[in-house]
Amino acid sequence: MKSLTATYSPKKILNVHKYCDGGWFWVKYSAHPYLGCSYGCLYCYEWDKKYTPYQDPDDFDRLVKVKDNAAELLAQELATQPVDIITLGDWQPVERKYRSSRKMLEIALELGFPVFINEKSPLITRDLDLLAKINRRSYVNVGFSIMTSQDDETRRLFEPKAPSIQSRFEAMEMISSAGIMTGTVFIPILPFIYDNEKNIKEVIKTTKQAGGKYVLDGGLTLFGYCKDKYYQALKSLDPKLIANYEKIYKDPNGLPFYYREVHSLVKKYCQQYRISNTIPRPVKFFPGKSKINKLVAEKVYLKARELQFQAESYYRILAYLKVAHGLDELDYDVFSLYQKEGSDGLKKIPGVGDKMAIVIEEVLADFK
Ligand code: SF4
């Protein structure tokens, strides 16, 4: 069934996150022109009211609300912010008519903001001209959301109206051929469905063949109404799977330990196919001396991400994240600080004590 559309004029469009999502997409800002999504993937967390405030949550894929002032708002709000990566747009079918995402790209280009896009739609290639211009001025990365390399019944059960996998890989190839950073956002890896070695290997291999530069893995989030929707699909695939899910999702240690194994397979095949399992942090658009701080912060963020996958304690992960945030916001050069004051100087960075000073010293040694 085709989705309905309605327009409205919100007062605000830009989300300014306190910190970038270090270790993942390196995104500091987000802005999207549509509410709801006609693709209606059954694992999507946006079914829940927390993300999409519809009276009837099932309207999420039936009624797409178009923000008719998206580009104007973005221009106003972004103009007052320091340059950093923004994730913007949405190339679902309604974009063909409204072209709001294209207009938002024009704003990013004009203001010099780098862009990260996570897409399923090959319609993004319509805007390759603009993406190339932004890439020349600052940076663009287009990640394709892909969880299997197969366009079979199982995939269509969970993504009933999304574009075919083949069309996503073809779009990746076009973007890669234009010299733009692209790869697979292998999120969510559906437990007991797409976590097997064969699927993981195939996704990574096909990404490499399509010119992708990374495969970034992540798990499935289940809560509220999105859990209900997902379980509906799971039941129609195999009701016995529900018990397996309950086992790992109800045990506080179940999920981290489960994904630790899956992550190690992703790393193994990324190494085999010589493709990164993280997105390298771009820094060329940051002002002079902050570039090096951002690169040092990158290493600490990646350590925090890896600790998450190793099912380490929440407090240990948080300690690394705090230090990464501190490094990211420093307004003096961390190398000069270390040269002048040694580890005592490092301890002036928020969140850094004796142990974390050693971690930073190790990271700094990597740059020599
Ligand atoms: S394409 Fe993305 S936003 Fe749309 S339903 Fe699927 S997961 Fe959700």
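The values are calculated or read from the model by the stated rules, or taken from the named source; none is laboratory data. Because the structure is a prediction, the values reported are computed rather than measured. Here Cβ is always computed from backbone atoms with ideal geometry, including for glycine, and neighbour counts include all displayed protein chains. What goes into the accessible areas is simple: the full protein's heavy atoms, side chains included, and nothing from ligands, DNA or RNA. Shrake-Rupley method; radii C 1.70, N 1.55, O 1.52, S 1.80 Å.
Considering helices alone, the calculated mean residue ellipticity of the chain at 222 nm is -14500 deg cm²/dmol, with DSSP H runs of length four and up weighted by -39500 (n - 2.57) and normalised per residue.
Amide hydrogen proximity for T5: with H placed 1.01 Å from N in the peptide plane, the residues at 5 or more positions away or on another chain lying under 5 Å are V64. Per residue, the solvent-accessible area of the range 4-272 (1.4 Å probe, heavy atoms of protein chains only, all protein chains present) comes to 43 Å².
Each listed q (0.16, 0.17 Å⁻¹) maps to a log10 I(q)/I(0) for the range 4-272, found by the Debye formula over equal Cα scatterers with no solvent: -1.37, -1.51. Put +1 on the Cβ of every Lys and Arg and -1 on every Asp and Glu Cβ in the range 226-368; which of G345, C270, V359 then has its Cα farthest towards the positive end of the dipole? Highest projection toward the positive end goes to C270.
Amide H contacts for E119 (H built 1.01 Å from N in the peptide plane; partners 5 or more residues away or on another chain; cut-off under 5 Å): G143, F144, S145. May I ask for the net charge around T206, where only other residues with Cβ less than 14 Å from the Cβ of T206 are counted and Lys, Arg are +1 while Asp, Glu are -1? Within the 14 Å Cβ shell, the charges total +3. With each label modelled as a point 7 angstrom along the Cα→C-beta vector, the D56-Y332 pair spans 6.1 nm. Of the trypsin sites (Lys or Arg not before Pro) in the range 269-338, the ones in a loop by DSSP (not H, G, I, E or B) with at most 11 other beta carbons within 10 Å are R274, K284. Between amide H atoms placed 1.01 Å from N, distances below 5 Å from C37 occur with D61, all of them 5 or more places distant or on a separate chain.
Report the antiparallel proportion of the DSSP beta bridges in the range 1-106 as a percent, rounded to a multiple of 5. Mind showing how you got there, number by number?
On the way: 4 of 12 bridges.
Of the beta bridges lying entirely in the range 1-106, close to 35 percent run antiparallel.
Only the Cβ atoms of Lys and Arg (+1) and of Asp and Glu (-1) were treated as charged; on that basis the dipole of the chain about its Cα centre amounts to roughly 340 debye.
Go ahead and run the numbers for FRET between F223 and R126, Cβ-Cβ distance against an R0 of 51 Å, rounding to 0.05. Each step should come with its number before you reach the end.
Numbers: r = 35 Å, r/R0 = 0.68.
That pair, F223 with R126, gives E of 0.90.
In the context of the full set of protein chains, the range 290-366 has a per residue accessible area of 50 Å² (1.4 Å probe). With all protein chains present, how much of the accessible area of the range 290-366 (probe radius 1.4 Å) comes from carbon and sulfur, to the nearest whole percent? So the carbon and sulfur contribution to the accessible surface is 52 percent.
The apolar share of the surface of the range 4-272, taken as the fraction of accessible area on carbon and sulfur atoms (1.4 Å probe, ligands and nucleic acids excluded), comes to 51 percent.
All C-alpha pair distances within the range 78-144, sorted into 5 Å bins from zero, spread as 4, 18, 32, 26, 14, 6, 1 percent across the bins.
Backbone geometry of the range 73-85 corresponds, through the Karplus equation with coefficients 6.51, -1.76 and 1.60 at θ = phi - 60°, to 3J(HN,Hα) couplings of 4, 4, 4, 5, 6, 6, 4, 9, 9, x, 5, 6, 6 Hz, x marking Gly and Pro. Pop out the ³J(HN,Hα) list for the range 229-244 in order, Karplus 6.51 cos²θ - 1.76 cosθ + 1.60 with θ = phi - 60°, rounded to Hz; leave Gly and Pro as x. Karplus values, whole Hz, x for Gly and Pro: 4, 5, 5, 4, 5, 4, 4, 6, 7, 6, x, 5, 5, 4, 4, 5.
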